[in-house]
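For reference, the structure is listed below as structure tokens.
Every read-out reported here was derived from the displayed coordinates using simple, explicitly stated rules and does not represent laboratory data. Fair warning: this is a prediction, and the values are worked out from it, not measured in the lab. Neighbour counts are summed over all protein chains in view; Cβ atoms, including those assigned to glycine, are modelled from backbone coordinates with ideal geometry.
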Amino acid sequence: MHNNVVDRSKDVTILELLDRVLNKGVVLTGDVVVSVADIDLVYLGVKLMLCSVETMNQLKSGKSLEKESNI
Amino acid sequence: MDKMIYAILSVKKKSGKLDALLATLKGISGASLYAVVYEGIIAVVSDIEKSDLITDRSNAIEYASIIESLVQQFPLLPMCYGSLMESTDAIAEMLGRNYTELRQNLKKVENMREYGLKIFCDPEKLKSEFQAISKNDINILIEPSTEVKNSVYREYVRNKLKEHRLEESIMTYVNSVIAEISGCLARLNAVCKFKKMPSATIMVDAVFLLRKDKKDELLKVVNDLKNQYQKLNFVLTGPWPPYNFVDTRIK
Amino acid sequence: MMNENKILFDTGSLGELSKELGKLTDKEKSKLKLNPDNAESGLAKLVMTLVELIRKLVEKQAMRRVDGGSLTDDEIERLGETLMKLENKMDELKKHFNLTEEDLNINLGPLGDLM
């Protein structure tokens, strides 16, 4: 019973960490932010770009399209 | 060979403190960490092959650990995982282009830490509680004033209106909880950001930025809130590097 | 370093939080994947998401009008008919493209979820 609580605490810590490091923080150029009157409306993140490049590379090498991450 | 950036730091004067720290740490794939300097701000970098950049759990956690080690000693802005640039020159140029904003942002987070508060509710209980309140006045508006048969369309509107009023009542409640939290945290000089109902069970997802020595006061505030809102569950995590308080848009 | 437990305060929702965070770090949810196999349905998803957003906004605004009490019986009747038909049509389209309510809620990065 105690083990369960400790494991879940660890899980939550790791998941909170991953949510931050993968989805937040400073993002480099390559983002597309569509804004109207200085109000940001639509965000296309860098990760979307990374996906496309990877997909393209896989297509070039003739490999079948595989899932790109193992999280 | 690309360069991976972990964080952007501000360093007060030329001391060997940073280099000493970097010497004790290892980057992704065991690469060594080094600093790219532009006046008072520094990017912490390691060399990486693009093919090594697999987004798997252990790499991301390793990356975050480095940021965690750095934040103990320097004001910093954490980079999102996957921040690559082609060369140290490109990095220095990027720092230069964004110098003013980065400095401002770094000043804002100096000696601060981020904390996350998630507040959970039971959506069914919440709905039944607020349904009871708005039940009485539901019929007033859409009862036909003359002899009109009760059509399927009228019934549709009636149901939608019920839903709508329920949502509004719940949102009013959520706003009141957020107002209460903001008030309490203003006394701690904290910056707050809130997300309302990001999921059915998470009623509020909040992040706070406050001085690192205010941790105990924050705990007391959350404890008081727990006593005030007995039907809700609170989970507070932290301290974190300021991931949610980087407001610099990199040009 | 990362074995450090960051949980400062918890009144019993760790299991729930664990589940929700799992969804956030799940690659399925946040990426709008376009590849040759599903390019068409990927685009359909994007279009449907926008249409659904507009439909929900229109519905919300309509309900505010009804709540405000300024509509006649006739207007309420016609509103009901239009909204109902719109919703039914969307349900049809969702079935046709095999999309669920969840599918149409894309993640907008720092702006959070669309709906």
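For this structure, a couple of remarks:
- Dipole orientation for chain B: of the candidates B:MET4, B:VAL152, B:THR237, B:THR237 has the Cα lying most toward the positive pole (charges on Cβ; Lys, Arg +1; Asp, Glu -1).
- When the alpha carbon gyration tensor of chain B is reduced to an equivalent ellipsoid, the three semi-axes, largest first, read 49, 22, 16 Å.
- Across B:LYS17/B:LYS226; B:LYS195/C:LYS56; B:LYS193/C:LYS60; B:LYS193/C:LYS56; B:LYS50/B:LYS196; B:LYS193/C:LYS95, pairs whose alpha-carbon gap is larger than 30 Å: B:LYS17/B:LYS226; B:LYS50/B:LYS196; B:LYS193/C:LYS95
- Computed from the C-alpha gyration tensor, the three semi-axes of the ellipsoid equivalent to the range B:113-245 are 40, 13, 12 Å, from longest to shortest.
- The mean number of Cβ atoms from other chains found within 10 Å of a Cβ in peptide B:233-246 is 6, as a whole number.
- Average Cα contact separation per residue, the range B:113-245, under 8 Å, 6 or more apart, as relative contact order %: 48 percent
- Counting every C-alpha pair in the range C:40-111, the share spaced more than 17 angstrom apart comes to 51%.
- Principal-axis analysis of the Cα atoms of chain B puts helix B:152-186 at an angle of about 40° to the longest axis.
- Volume per residue of the C-alpha convex hull in the range B:2-110, rounded to whole Å³: 90 Å³
- Annotation for the range B:9-66: trypsin sites (Lys or Arg not before Pro) lying in DSSP loop with at most 11 further Cβ atoms inside 10 Å of their Cβ are B:LYS12, B:LYS13, B:LYS14.
- Modelled FRET efficiency - R0 56 Å, C:LYS19 with B:ALA35, Cβ distances, 0.05 increments: 0.90
- Full-extension gain in nm, B:ASP52 to B:LYS231, via 0.36 nm per residue minus C-alpha separation: 59.7 nm
- Number of partner chain Cβ atoms within 10 Å, mean per residue of B:71-79: 2
- Among B:ILE170, B:ILE67, a tally of other beta-carbon atoms within 10 Å of each Cβ gives an order, fewest to most, of B:ILE170, B:ILE67.
- Residue-averaged 222 nm ellipticity for chain B, from DSSP H runs of 4+ at -39500 (n - 2.57), nearest 500: -14000 deg cm²/dmol
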